[in-house]
Protein chains: 2
Amino acid sequence: MIITSETNPKIKLLLKLNTSKYRKENGLFIVEGKHLVTEARNKGVLVEAYSIEEKDDYITLTKELMKKVSNTDTLVTEIGLCKMVEADSLSNKILVLDGVQDPGNMGALMRSAKAFNFNTIILGVGCVDIYNDKVIRASQGAIFKLNFRHENLVEFLPKLTDYKVYGTNVVNGKPLDEVEREEKMAIVLGNEGNGISDQVNNIINTNIYIPMDNTESLNVSVAGSIIMYQLRQD
Amino acid sequence: MIITSETNPKIKLLLKLNTSKYRKENGLFIVEGKHLVTEARNKGVLVEAYSIEEKDDYITLTKELMKKVSNTDTLVTEIGLCKMVEADSLSNKILVLDGVQDPGNMGALMRSAKAFNFNTIILGVGCVDIYNDKVIRASQGAIFKLNFRHENLVEFLPKLTDYKVYGTNVVNGKPLDEVEREEKMAIVLGNEGNGISDQVNNIINTNIYIPMDNTESLNVSVAGSIIMYQLRQD
């Protein structure tokens with residue numbers, strides 16, 4: 001099958017998936033590049049694959065159409081239409097994000113979460129859409145090696161009764177060096193500018209702080225990664 | 001003094017400082033917002049300050065001109081013209097960057113360097129211009145609390161005879177947990193896509209690697225920050 005026209009319904013769908021709203025409504029998103037299409041297929045979330053070459057299992061697009069539907073300046077040779085999947089179970093180590101908004105930070109946190117075996121990420125209200133092309137690019141493929149769940153954190157956190165839940169405020173904090181690795185742990189990180197929201201903060205008993213020159217603050221993906229490194233499951 | 005015209009030489013200078021080339025040639029850069037102007041003054045690098053209000057020690061700009069010379073979408077009330085200064089001495093802990101190109105990564109590394117007392121940053125060829133507005137914003141003021149030096153790393157690194165110099169390649173690496181804190185240490189980080197360049201790599205004897213799921217890799221600002229955290233000077 002070769003698509004040559006912009007008015008083809010498949011192309012219309014791909015173009016609409018550039019907005020977060022449409023992605024959410026349809027439970028679909030796009031990945032760009034051979035590597036990510038392969039990762040999506042391995043994870044079983046690939047719905048359709050598109051290439052500028054005629055290949056088995058691919059729908060062929062003209063180069064012009066591929067340029068239109070992709071978000072990168074250079075020509076990508078293939079893209080994948082993928083379905084969103086919510087995690088049905090939780091890993092022993094969980095990363096909980098309360099309004100992390102920068103795509104670069106979200107992508108970097110995914111890479112670190114995978115590297116240190118925090119395999120489930122819980123996305124609270126106010127987080128950047130993880131199916132945004134910038135997040136997917138920054139995640140370097142980690143997006144397909146983790147499980148995600150979108151939750152209202154005020155309702156979700158109290159259900160984690162068998163997990164040790166740590167916030168990341170400096171007040172009431174325990175220095176990271178003194179926090180023991182436990183089997184089931186959840187680490188909550190807040191927004192870049194405002195930290196963890198008051199509502200969420202109210203239901204967290206213990207905070208971790210990173211020992212440092214206390215006139216400074218760390219980037220959220222850095223802070224979260226240092227904590228995950230220290231508490232990782234080897 | 002109130003400037004109302006775009007053709008005023010001071011405005012022309014401010015507008016030209018939006019390009020890295022012009023900044024470099026003139027040794028000048030701009031910071032935006034009251035907080036950074038104050039930090040620049042405290043550090044002694046403020047050449048002139050501009051405000052939309054008439055105040056002592058400030059040159060007044062109309063709101064229209066301020067919008068033109070600033071890089072933020074919202075109206076900033078003041079900006080500072082600053083001079084670049086190269087470090088004349090080196091701190092005991094040094095961060096050496098071989099081609100870190102992403103402004104967000106550079107800014108995050110500055111915050112971590114300050115937090116963990118790596119107070120001198122050596123910038124090799126190929127690094128993003130640290131006086132770029134995105135880097136300055138991402139650094140959250142840390143840019144004025146550190147010292148910087150631009151160096152050719154192939155010439156510079158061999159001179160660090162009294163420092164323990166560590167690269168960050170996985171090959172010939174020592175796990176981070178086993179690296180001892182020493183008084184004088186230099187940590188070399190490489191480019192986002194390509195890591196440390198071959199030329200630089202050839203003159204580094206020992207590498208550090210971060211214990212993790214080895215199918216993964218970390219964002220460079222995350223990796224550098226974890227290492228600085230572990231080797232920090234308390």
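Considering only residues that are open to solvent by 70 Å² or more (accessible area, probe 1.4 Å) and either in contact with a helix residue (DSSP H, G or I) (Cβ under 9 Å, 6 or more places away or on another chain) or within 14 Å of chain B (Cβ to nearest Cβ) (or both), look in segment A:204-218 and name the one that is farthest from B:Ala142 (Cα to Cα). Ranking the qualifying residues of segment A:204-218, first place goes to A:Tyr209. Answer yes if at least one residue in segment B:130-141 is assigned to a loop (DSSP other than H, G, I, E, B) and acidic (Asp, Glu), and no otherwise. Checked segment B:130-141: no residue is assigned to a loop (DSSP other than H, G, I, E, B) and acidic (Asp, Glu). Would you confirm whether or not segment A:123-134 contains a residue that is more than 30 Å from A:Asn42 (Cβ to Cβ) and in contact (Cβ under 8 Å) with a residue 60 or more places away in the chain? Within segment A:123-134 (the criterion being more than 30 Å from A:Asn42 (Cβ to Cβ) and in contact (Cβ under 8 Å) with a residue 60 or more places away in the chain), the answer is yes, since at least one residue qualifies.
If I filter segment B:170-186 for residues that are under 18 Å from the mean Cα position of the chain (by Cα), closer than 20 Å to B:Leu90 by Cβ and not in a helix (DSSP H, G or I), do I get at least one hit? Looking for residues that are under 18 Å from the mean Cα position of the chain (by Cα), closer than 20 Å to B:Leu90 by Cβ and not in a helix (DSSP H, G or I), one finds at least one in segment B:170-186, hence yes. Consider segment B:97-120 and keep the residues that are open to solvent by 20 Å² or more (accessible area, probe 1.4 Å), in a helix (DSSP H, G or I) and of a type outside the set (D, E, K, R). The one that is nearest to the other protein chains (Cβ to nearest Cβ) is B:Gly104. Restricting attention to segment B:142-163, the residues that are open to solvent by 70 Å² or more (accessible area, probe 1.4 Å) and not in a loop (DSSP other than H, G, I, E, B) total 4. Exactly one residue out of A:Glu54, A:Glu64, A:Glu6, A:Glu48 is farther than 24 Å from A:Ile130 by Cβ and either open to solvent by less than 60 Å² (accessible area, probe 1.4 Å) or in a helix (DSSP H, G or I) (or both), and it is A:Glu64.
State all residues of segment B:9-34 that are aromatic (Phe, Trp, Tyr) and open to solvent by 40 Å² or more (accessible area, probe 1.4 Å); if no residue qualifies, say none. Break it down stepwise before answering.
Looking only at segment B:9-34, we keep the residues that are aromatic (Phe, Trp, Tyr), and these are B:22, B:29.
Result: B:Tyr22, single match.
Considering (1) more than 21 Å from A:Glu216 (Cβ to Cβ); (2) in contact with a Lys or Arg (Cβ under 7 Å, 6 or more places away or on another chain); (3) open to solvent by less than 10 Å² (accessible area, probe 1.4 Å), the lone condition that B:Ser139 does not fulfil carries the number (1).
Which of the residues belonging to segment B:1-57 are basic (Lys, Arg) and touching a helix residue (DSSP H, G or I) at 6+ places or on another chain (Cβ under 7 Å)?
Answer for segment B:1-57, where residues must be basic (Lys, Arg) and touching a helix residue (DSSP H, G or I) at 6+ places or on another chain (Cβ under 7 Å): B:Lys16, B:Lys43.
One residue alone among A:Leu36, A:Leu61, A:Leu75 is more than 21 Å from A:Gln140 (Cβ to Cβ) and not hydroxyl-bearing (Ser, Thr, Tyr), and that residue is A:Leu61.
Would you tally the residues in segment B:193-203 being open to solvent by 20 Å² or more (accessible area, probe 1.4 Å) and either facing chain A (nearest Cβ under 7 Å) or touching a residue at least 12 places away in the same chain (Cβ under 8 Å) (or both)? Adding up the residues that qualify gives 6.
Kindly provide the set of residues from segment B:169-192 that are within 20 Å of B:Asp102 (Cα to Cα) and within 14 Å of chain A (Cβ to nearest Cβ), ordered by number.
So the first thing to find is which residues in segment B:169-192 are within 20 Å of B:Asp102 (Cα to Cα), and the list is B:169, B:187-192.
The answer is B:Leu189, B:Glu192.
Can you tell me which residue within segment B:68-96, out of those that are under 30 Å from B:Glu54 (Cα atoms) and of a type in the set (Gly, Ala, Ser), is surrounded by the fewest Cβ atoms within 10 Å (Cβ to Cβ)? Filtering segment B:68-96 for residues that are under 30 Å from B:Glu54 (Cα atoms) and of a type in the set (Gly, Ala, Ser), the one surrounded by the fewest Cβ atoms within 10 Å (Cβ to Cβ) comes out as B:Ser70. Considering only residues of segment B:187-211 that are among the small types (Gly, Ala, Ser) and not in a strand (DSSP E or B), which is farthest from B:Asn172 (Cα to Cα)? Per the stated criteria, the residue is B:Gly193.
The values are calculated or read from the model by the stated rules, or taken from the named source; none is laboratory data. Please read all numbers here as calculations on a predicted model, not as lab measurements. With ideal geometry, Cβ positions are generated from the backbone for all residues, glycine too; neighbour counts draw on all protein chains shown. These area figures cover heavy atoms from the full protein model, side chains too; ligands, DNA and RNA do not enter into them. Shrake-Rupley method; radii C 1.70, N 1.55, O 1.52, S 1.80 Å.
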